[in-house]
1. Any residue that is assigned to a loop (DSSP other than H, G, I, E, B), touching a residue at least 40 places away in the same chain (Cβ under 8 Å) and within 12 Å of the ligand (Cβ to nearest atom) - is there at least one of those in region 243-257?
2. Can you confirm whether region 96-118 contains a residue that is away from the ligand (no atom under 16 Å from the Cβ), closer than 26 Å to residue 26 by Cβ, surrounded by fewer than 24 Cβ atoms within 10 Å (Cβ to Cβ) and within 16 Å of the chain's Cα centre (by Cα)?
3. Of everything in region 206-220 that's in a helix (DSSP H, G or I) and closer than 19 Å to residue 238 by Cβ, which residue is farthest from the ligand (Cβ to nearest atom)?
4. Restricting to region 137-156, what's the tally of residues that are under 20 Å from residue 204 (Cβ atoms) and within 14 Å of the ligand (Cβ to nearest atom)?
5. Restricting region 163-177 to residues that are more than 10 Å from the ligand (Cβ to nearest atom) and modelled with pLDDT of 95 or more, which is surrounded by the most Cβ atoms within 10 Å (Cβ to Cβ)?
6. Would you call residue 88 modelled with pLDDT of 95 or more and either in a loop (DSSP other than H, G, I, E, B) or more than 15 Å from residue 183 (Cα to Cα) (or both)?
7. Within region 127-136, is there a residue that is away from the ligand (no atom under 12 Å from the Cβ), surrounded by fewer than 21 Cβ atoms within 10 Å (Cβ to Cβ) and either more than 21 Å from residue 196 (Cα to Cα) or free of Cβ contacts under 8 Å to residues at least 40 places away in the same chain (or both)?
Ligand code: 3EB
């Protein structure tokens with residue numbers, strides 16, 4: 001299994017398509033893949049207006065179809081996409097589950113469906129979720145929409161009998177231009193090792209000032225599967241403890257974010273048994289940029305730390321705290337000498 005990001009002119013790649021994520025202007029054929037997530041946000045770099053990230057499997061994949069969900073799986077894992085439109089609540093609807101706000105109910109419905117689906121497959125462990133929603137920083141019903149999402153997600157975890165602290169998946173929650181709540185996910189047969197960042201309070205322990213129901217995600221997921229080890233980094237930003245730092249200075253936000261990513265990688269290496277450590281240069285990155293005008297600064301600062309050949313896509317999108325201008329996530333994988341038992 002490997003993943004690669006290809007630009008507008010992708011070279012032929014070998015492997016079976018497990019899942020696919022596209023960024024930028026929607027292409028006619030992108031809907032053709034049954035397990036594809038479209039991120040409706042302007043692609044800032046690489047140039048060309050469209051990029052695709054493909055998750056390829058060495059072994060054949062099978063399709064999994066359920067109402068509201070499309071996915072593909074191989075022997076080790078399942079990649080799926082769930083899209084839930086936000087609909088106003090019927091005035092006579094029962095108020096006991098799912099909350100009052102459309103996004104909160106959409107998040108609840110998405111995670112209820114996700115865990116219900118996982119429980120019907122061998123892939124009961126959620127490794128990583130990518131959450132995209134429009135107007136993430138906008139306030140409606142007196143609550144910021146990201147917080148509405150957090151409330152619904154947390155209730156979905158609880159209903160699915162999943163832990164909302166500690167043993168939680170890696171994730172990101174990002175604002176896009178339009179569309180339904182879109183959740184892509186990777187799930188596996190075996191639990192991951194959740195990784196936290198010693199420089200930050202765990203997100204699931206954030207104080208109430210960031211919302212009454214804290215987000216349920218780990219800073220990274222360390223996963224083992226036949227002969228490979230993966231490190232999936234959550235969206236990472238310029239946060240120390242629980243506080244945003246370097247407000248208004250995007251260059252320093254990038255440096256602080258890199259320090260956080262390095263701290264998570266160090267922590268993951270500490271938790272691993274294999275001698276060969278993960279290194280910053282092993283990762284492919286996705287960078288979310290709030291203001292397109294910041295792209296040059298962000299690329300320059302990152303360029304000082306990343307290898308020239310490293311795969312990085314830059315996406316014009318909103319970050320879930322309105323005082324953050326940049327967020328970075330990544331993934332790396334490597335072969336291990338012996339397949340884990
Ligand atoms: C942070 O560290 C920045 O709600 O799933 C990063 C990764 C963030 C995931 C999520 C939010 C999420 O709190 C925001």
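1. No, region 243-257 has no match at all.
2. no
3. Taking the candidates together, the pick is 209.
4. Number of matching residues: 12.
5. Per the criteria, the residue is 176.
6. Considered against the rule, which asks whether it is modelled with pLDDT of 95 or more and either in a loop (DSSP other than H, G, I, E, B) or more than 15 Å from residue 183 (Cα to Cα) (or both), residue 88 comes out as no.
7. Yes, some residue in region 127-136 is away from the ligand (no atom under 12 Å from the Cβ), surrounded by fewer than 21 Cβ atoms within 10 Å (Cβ to Cβ) and either more than 21 Å from residue 196 (Cα to Cα) or free of Cβ contacts under 8 Å to residues at least 40 places away in the same chain (or both).
One line per residue, one yes/no per condition, for (1) under 30 Å from residue 189 (Cα atoms); (2) more than 16 Å from the ligand (Cβ to nearest atom):
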site	(1), (2)
290	no, no
295	no, yes
306	no, yes
309	no, yes
317	no, no
321	no, no
324	no, no
334	yes, yes
337	yes, yes
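The values are calculated or read from the model by the stated rules, or taken from the named source; none is laboratory data. Everything quoted here is computed from the prediction, not taken from an experiment. Glycine also receives a Cβ, built like all others from the backbone with ideal geometry; neighbour counts cover every protein chain displayed.
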